[in-house]
Each structure stands twice: as structure tokens, then as C-alpha cells.
Amino acid sequence: MRAAAGATTTADAWNFVEGGSGGEHTMRENGLAFDRVRLLPRVAVDVAGRTARTRLLGLPVPVPLAVAPMAYQTWLHPDGEVATAAAAAAAGVPFVVSMMASRTVEDIAATGAATVMQLYWLRDRGLFRELIGRAEAAGCAALMLTVDVPLLGRRLRDMRGGLVRPATVVAANLGGAGGGAGAGRAGRSEVALHTKVLFDPSLSWADVAWVRSVTRLPLVLKGILDPDDAALAVDAGADAVVVSNHGGRQLDGAVATATALPAVVDAIAGRCEVLVDSGIRGGVDVLKALALGAAGVLVGRPLLWGLAAGGAPGVTRVFDLISEELHEAMALAGCPDVDSARRLRTSVAGGGC
Ligand code: FNR
């Protein structure tokens with residue numbers, strides 16, 4: 001699917017999807033860390049009636065997946081987020097709407113997908129509160145505050161100049177703030193838009209508690225890696241955390257999420273839900289995430305590959321592949337359900353059990 005997407009996508013859009021920050025070490029390490037996880041399969045367990053059904057973010061799901069928030073999807077396909085969300089709705093998978101989505105949250109919710117609204121901490125608190133109100137009115141099931149973007153990571157592919165976001169691809173939910181100003185040349189001006197105009201680097205735990213206080217929706221914090229931050233997230237009232245390094249697009253050199261996940265799960269100790277993203281490429285990775293203690297995963301780039309390669313049917317194909325692989329892997333590992341998958345033992349290649 002990645003190859004098919006690469007063959008149909010402009011160089012600019014491809015760099016936007018594929019790029020990480022700095023030397024892209026963390027981006028590469030995300031995949032390697034999942035590859036190094038080894039599962040200890042159980043045998044002689046009846047898996048004839050196996051199911052991957054569970055609940056994520058309070059929502060019933062047929063597989064423990066949700067769509068990661070990803071910006072500007074009309075850059076990859078004219079229908080953008082509406083196509084991805086329609087495929088998510090058909091798969092029964094929740095769709096996280098990026099604050100920088102190129103379709104409105106109302107249009108995305110109209111697909112019938114269960115939605116979660118992702119927010120960055122904005123300098124413009126009025127706009128921030130307005131977005132919360134729109135998310136509530138559109139029927140979003142939760143808010144997801146991304147906490148690993150005090151400023152935009154150093155994305156060298158974007159900064160090296162050749163990258164131009166088409167004028168038609170705008171942040172549809174931000175009106176003037178991210179619409180007109182964001183159109184046109186990206187690269188340095190894109191970074192300036194995000195860091196000087198939109199994002200506020202002053203986010204503190206007191207602010208997180210304030211966000212918690214101004215909405216009745218469940219609050220998810222995305223971008224947690226340190227177990228102490230996981231505990232602070234619980235203290236601030238988070239209902240869920242996402243162990244994430246933003247797909248290697250923020251701090252280059254940050255730990256891979258498969259490496260960070262177990263300590264976060266320990267620190268949370270069941271007090272809120274733990275999700276993980278960054279490097280999930282197939283059903284076996286999902287099983288590994290469950291075995292490491294996650295309740296479920298956010299799928300990122302693979303869905304954009306499906307979108308670029310084939311619109312909504314392309315996204316559906318990616319969901320189907322991941323789901324089939326997960327069901328097969330669960331059978332082969334002796335897991336009739338998600339709870340048993342979360343009890344699988346793991347080791348790290350080269351290390352002990
Ligand atoms: C992202 N990600 C992201 N995260 C977020 O909180 N808000 C956003 O608007 C975006 N936008 C975005 C665009 C693109 C093109 C990518 C690839 C990623 C990060 C995303 O939610 C998720 O954390 C990563 O994509 C996970 O890494 P992998 O599995 O896609 O490599």
C-alpha cells in the first residue's frame with residue numbers, strides 16, 4: 001500500500017506524510033522497536049470463537065484500533081478526511097479529527113464515524129474554546145489534547161524549501177487562523193505559522209486541568225512517554241493517554257513507543273486507559289501493543305497510504321489487512337480475546353524474558 005501511495009502522490013505530499021524530524025532516527029526506531037518485541041504464544045487454548053471486540057475511549061469497537069489525528073488529508077485525496085472517516089465508519093473504528101484537518105469536524109461527523117476531536121494548545125484561547133464547543137455540538141465522543149508540540153519539530157524535508165502545500169488544502173476548522181495564512185508555500189512559512197501564530201509553548205499541567213474543567217467530554221492526552229508524566233496526566237484528570245512520539249515528527253532522539261509503553265502502563269496502574277501509536281504497521285504490531293499493556297492503538301501513516309492509493313476503498317483495505325492479521329495472530333498466539341492478548345508474555349530480541 002505504501003508503494004502504491006508513493007506512485008500516485010506528489011513529491012511534496014509524500015514528504016509531508018513520510019517525513020520525520022531531524023535525522024529521522026526516532027521515526028526509524030519506532031518500527032525497529034516493534035520488530036524487536038517477541039511474543040510467547042500460548043497453545044491448546046480454544047480460539048475457535050475468538051474476538052477482537054473491546055471498548056476504546058468509551059466506544060465499542062470490533063478491533064482495538066482508532067485513526068490517529070493527521071492533518072491536511074485533502075492533500076492526498078480530494079475527499080480527504082471525509083473519505084478516511086467514511087472507511088472508519090464502515091469498519092466501526094473511531095476517527096480522531098486533527099485540529100489541522102482539511103475538512104470540517106461537522107462534515108467528518110456526518111459520515112457516521114465515531115469521532116474524537118484533537119486539539120493543540122493554542123495562543124488564541126477563544127479559538128481553542130470555540131473548537132471544544134464545535135466538537136461537543138458535532139457529537140465528538142472525546143477530546144484529545146496533543147501535548148508533545150510546544151513547537152513544531154524540525155522537519156528537514158519541509159524546511160529544505162521545495163515543499164508547497166496547495167492553496168486549496170487548508171485547516172478547515174480554523175477559519176482565518178490556519179486557512180488563508182497556511183495556504184501556499186510551506187517550508188519555513190509553515191513552521192512560522194504553527195510556532196509563531198498558532199501553538200502556545202506555555203502549556204502546563206495547570207492548563208491541562210483547566211481544559212479538563214471546561215468540557216464534559218472525556219479527555220485524552222496524546223504524546224506521553226515518561227511514566228512520571230503518565231502519573232501527572234492521571235492527576236490532571238485525563239481519561240486516557242496515548243504513548244506517542246508523534247511518529248518521529250517531534251523530538252528526534254525520543255524513545256520508541258514500544259520501548260516506553262511498559263513503564264507507562266505500570267505507572268498508570270489501571271487508573272486510565274493507555275493507547276499507543278508510532279510505528280504500528282500491521283496486525284502483529286497491534287498484538288504486540290496489547291501484550292505490552294495497551295488497550296488499543298492509533299493507526300497513522302498506513303491509513304494515509306490507503307487514502308492516497310485508493311480513497312475510501314484504499315483506507316478500507318488497510319483496515320481489513322490489519323484486522324485479518326490481528327485475528328490470525330491472536331489465533332496463533334492462543335488468544336481468544338483482547339484480555340488474553342494483554343496477558344501474553346513478551347521479551348525483547350537479544351534480551352531475556
Ligand atoms: C500526524 N500526527 C498528528 N498528530 C496530531 O496530534 N495532530 C496532527 O494534526 C497530526 N498530523 C499528522 C500528519 C501526518 C501526515 C502524520 C504522518 C502524522 C501524528 C499522528 O497522530 C501519529 O502520532 C503518528 O502518525 C504515528 O506514527 P506512524 O505510526 O504514523 O508512523
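Answer yes or no as to whether Arg317 is touching a residue at least 60 places away in the same chain (Cβ under 8 Å), among the basic types (Lys, Arg) and in a helix (DSSP H, G or I).
yes
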Taking the stretch 298-323 and keeping only residues that are farther than 23 Å from Arg249 by Cα and of a type in the set (Lys, Arg), one is left with Arg317
Looking at the stretch 104-123, which of its residues are within 14 Å of Gly175 (Cβ to Cβ) and surrounded by 23 or more Cβ atoms within 10 Å (Cβ to Cβ)?
-> Val105
The condition of being farther than 19 Å from Glu325 by Cβ and either more than 13 Å from the ligand (Cβ to nearest atom) or surrounded by fewer than 17 Cβ atoms within 10 Å (Cβ to Cβ) (or both) holds, among Arg28, Arg42, Arg36, only for Arg28
Considering only the stretch 126-149, how many residues are part of a loop (DSSP other than H, G, I, E, B) and either of a type in the set (Ser, Thr, Tyr) or more than 13 Å from the ligand (Cβ to nearest atom) (or both)?
-> 4
List the pairs whose first member sits in the stretch 86-105 and is more than 16 Å from Tyr120 (Cα to Cα), whose second member is away from the ligand (no atom under 14 Å from the Cβ) and among the aromatic types (Phe, Trp, Tyr), and whose Cβ atoms are under 6 Å apart, counting only residues at least 6 apart or on separate chains?
-> Ala91/Phe319
Considering only residues of the stretch 308-317 that are of a type in the set (A, V, I, L, M, F, W, C), away from the ligand (no atom under 12 Å from the Cβ) and buried (at least 22 other Cβ atoms within 10 Å of the Cβ), which is nearest to Ser98 (Cα to Cα)?
-> Val315
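Quick check on my filter: what residues within the stretch 234-254 are farther than 17 Å from Ala66 by Cα and touching a residue at least 40 places away in the same chain (Cβ under 8 Å)?
The initial filter retains those residues of the stretch 234-254 that are farther than 17 Å from Ala66 by Cα, namely 234-238, 248-254.
Gly248, Arg249, Gln250, Leu251, Asp252, Gly253, Ala254 - these are the residues of the stretch 234-254 that are farther than 17 Å from Ala66 by Cα and touching a residue at least 40 places away in the same chain (Cβ under 8 Å).
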Name the one entry in Val242, Val214, Val220 that is within 19 Å of Ala141 (Cα to Cα), touching a helix residue (DSSP H, G or I) at 6+ places or on another chain (Cβ under 7 Å) and at pLDDT 95 or above.
-> Val214
Taking the stretch 71-98 and keeping residues within 16 Å of the ligand (Cβ to nearest atom) and within 18 Å of Ala167 (Cα to Cα) leaves Ala71, Tyr72, Gln73, Thr74, Trp75, Leu76, His77, Gly80, Glu81
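The values are calculated or read from the model by the stated rules, or taken from the named source; none is laboratory data. As the structure is a prediction and not an experimental result, all values here were calculated from the model. Counting neighbours? That spans all protein chains shown, and the Cβs are built from the backbone with ideal geometry, glycine included.
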